[in-house]
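The values are calculated or read from the model by the stated rules, or taken from the named source; none is laboratory data. Keep in mind it's a predicted model, so treat the numbers as computed, not measured. Positions of Cβ are generated from backbone atoms using ideal geometry, with glycine treated the same way; all protein chains shown enter the neighbour counts.
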Amino acid sequence: MIEIKPCSSFLDIDSNGYVLKKAEQSLKQNEWQSIINDNINYYKEAVADLVSVYVRGNVAKGIAVKNISDLDSFFISAKPVTLDENYQD
């Protein structure tokens with residue numbers, strides 16, 4: 001039988017009920033940098049009015065697990081965007 005191991009986390013909440021931020025750039029693990037760069041470069045090519053790219057999840061928290069974790073990201077654009085679903089690098 002396969003053993004299931006916990007490999008994620010919940011966000012902490014302060015005494016006022018606000019979610020505490022766990023993600024920040026200084027926590028990023030170096031082995032993820034090339035994937036992050038590829039992701040950002042894709043958005044730069046695909047989104048004409050790109051404003052920002054955000055990385056979140058385990059990579060942004062510095063707790064990504066090799067061969068298990070994925071890169072969670074989203075972007076903000078100045079105008080509505082339609083991405084090419086068939087795009088391949």
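So that you can scan it fast, the table gives a plain yes or no per residue for (1) of a type in the set (Val, Ile, Thr); (2) under 30 Å from Lys5 (Cβ atoms):
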residue	(1), (2)
Lys22	no, yes
Gln29	no, yes
Asn37	no, yes
Glu45	no, no
Ala48	no, no
Ser52	no, no
Val55	yes, yes
Lys61	no, yes
Among what's in the stretch 48-62 and is in contact with a Lys or Arg (Cβ under 9 Å, 6 or more places away or on another chain) and either exposed (fewer than 14 other Cβ atoms within 10 Å of the Cβ) or among the hydrophobic types (A, V, I, L, M, F, W, C) (or both), pick the residue that is nearest to Lys22 (Cα to Cα). Ala60
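From Lys5, Lys22, grab the single residue that is basic (Lys, Arg), assigned to a loop (DSSP other than H, G, I, E, B) and surrounded by 14 or more Cβ atoms within 10 Å (Cβ to Cβ). Write out each step before concluding.
Numbers: Lys5 fails: surrounded by 14 or more Cβ atoms within 10 Å (Cβ to Cβ).
Residue meeting the stated conditions: Lys22.
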Of everything in the stretch 27-74, what is under 10 Å from the mean Cα position of the chain (by Cα) and not aliphatic (A, V, I, L, M)? Give them in sequence order. Asn39, Tyr54, Arg56, Gly57, Asn58, Lys61, Asp70, Asp72, Ser73, Phe74
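Residue by residue, here is whether (1) modelled with pLDDT of 85 or more; (2) over 17 Å from Lys28 (Cα atoms); (3) in contact with a strand residue (DSSP E or B) (Cβ under 8 Å, 6 or more places away or on another chain); (4) β-branched (Val, Ile, Thr) holds:
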site: Val47; (1), (2), (3), (4): yes, yes, yes, yes
site: Val53; (1), (2), (3), (4): yes, no, yes, yes
site: Ala60; (1), (2), (3), (4): yes, no, yes, no
site: Val65; (1), (2), (3), (4): yes, no, no, yes
site: Ser69; (1), (2), (3), (4): yes, no, no, no
site: Ser73; (1), (2), (3), (4): yes, no, yes, no
site: Lys79; (1), (2), (3), (4): yes, yes, no, no
site: Thr82; (1), (2), (3), (4): no, yes, no, yes
site: Gln88; (1), (2), (3), (4): no, yes, no, no
